[in-house]
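Structure record follows, encoded as C-alpha cells.
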Amino acid sequence: MPVNQLALYGLSKDLLLNVPNLGWVHREVLADLENLRAAAKQAGFQLSIFSGYRDFQRQLTIWNNKWNGLRPVLDADSKQIDTSTLSKQQKMHAILRWSALPGASRHHWGCDFDLYDPSLLKPDQSLELIPQEYAANGCQHPFALWLEQHAPQHGFFYPYHHFQGGVEFEPWHLSHWQTSSMLISQLEPQAVLSHLKAANVAGFATIEKHIDQLFNQYVTNICLPES
C-alpha cells in the first residue's frame, strides 16, 4: 500500500499519533507497543523510549554536526574517532556506522524505538546508549534479556541484532516488523538524494557518488526476524 511520501522520508507526521510518555508513534504500531510496555511492567521493568521518532531535520542536524566535527563520531568499540584524519568517504562510512542518513533513517517512521529501563540506572548515572550497557554486567542487561525473549511476541524485532557489515550491533533498537517492512520497501535512494540536496546536507557530493552502495550496506542491510 503506498504511503505518504513525505512521511516516508521524515518530512510529515501524517501517519503518527502523539502519545503521552511515548511521543510520536505510528498509528499501526501503538497497540503492540503499549502491550509490550504493559508486559514489561508486569515483569517488573519500566519500558521507556530513549529515542523514538526523529524527523528529517533532527537527523540532518545530527549528520551535519558529525560531519563538521561538532559531535563525536564513534568506532565499533564506542571510542571517539579523530575524523580529521579520515578521507571524506571514510568519514561518511564512520558516521553511518551509528547514525543513519537523513531521509533514510528508520526513526523517521514512528515504528522504531531505542528502549531502556531508567529504573536500572544509578541515581547519578546517565544512559550512554552503548552496547556495553546492555551486555552482561551492564546496567540494562536484565531488561535486555527480557526484551529479547518477549519483544517478538508483540511484533517487534532487532534490525541490528548483530553486525553484518553496515550498522553496528544495537541491542536497544527494536522495530515493528509488519510496519517497517512495508515502509522500507517503498524507500527510494534518488528521493533521499533529492531531499538531501534541497537541505544542503554536509558532504552531499560524497553521498551522491556512493548512494547505491550506502543503501545496500546501511539501509536495506538489516537482520531479519527469526522464524
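Could you tell me which of the pairs 13/209; 13/197; 13/122; 88/197; 91/209 are separated by over 24 angstrom between their Cα atoms in the structure shown? Before the final figure, lay out the partial values.
Details: 13/209 30 Å; 13/197 21 Å; 13/122 35 Å; 88/197 17 Å; 91/209 14 Å.
Result: 13/209; 13/122 exceed 24 Å.
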Sorted by accessible area with a 1.4 angstrom probe, largest first, how do 223, 139 fall? 139, 223
Across the alpha-carbon set of region 115-169, Rg over Rh with Rh taken as the Kirkwood radius works out to 0.99
Summed over the other residues with a beta carbon less than 9 angstrom from that of residue 129, with K and R at +1 and D and E at -1, the charge totals -4
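DSSP H helices in the chain with Cα extent of 24 Å or more along the helix axis and mean Kyte-Doolittle hydropathy at least 1.0? Don't skip to the end; give the middle numbers.
Numbers: long enough: none.
Once both thresholds are applied, nothing remains.
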Could you work out the local net charge near residue 106, counting Lys and Arg as +1, Asp and Glu as -1, over the other residues with Cβ closer than 12 Å to its Cβ? -2
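With Rg and the Kirkwood Rh both taken from Cα atoms, where does Rg over Rh land for region 146-225? Working shown, then result.
Numbers: Rg = 14.8 Å, Rh = 14.1 Å.
Looking at region 146-225, the ratio lands at 1.05.
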List 85, 179, ordered by accessible area with a 1.4 Å probe, largest first: 85, 179
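When a/c reaches 1.5 or more, the comparison of a/b and b/c decides; with that in mind, is region 86-134 rounded, prolate or oblate per its Cα gyration tensor? Before the final figure, lay out each step's value.
Values: a/c = 3.85, a/b = 1.61, b/c = 2.38.
It is oblate, given that a/c is not under 1.5 and a/b is not larger than b/c.
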So how much accessible area does residue 126 have, in Å² to the nearest 10, using a 1.4 Å probe? 90 Å²
In square angstrom, rounded to the nearest 10, how much accessible surface does residue 124 have for a 1.4 Å probe? 140 Å²
Please give the net charge around residue 49, taking every other residue with its beta carbon less than 13 angstrom from that of residue 49, where Lys and Arg add +1 and Asp and Glu add -1. -2
Whole-percent carbon and sulfur share, accessible surface of the chain, 1.4 Å: 49 percent
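The values are calculated or read from the model by the stated rules, or taken from the named source; none is laboratory data. Keep in mind the model is a prediction, meaning the values are calculated, not measured. Cβ coordinates were reconstructed from backbone atoms using ideal geometry, including for glycine residues, and neighbour counts include every protein chain displayed. The protein model used for the area step is the full one, side chains on, heavy atoms only, and it has no ligands, DNA or RNA in it. Shrake-Rupley method; radii C 1.70, N 1.55, O 1.52, S 1.80 Å.
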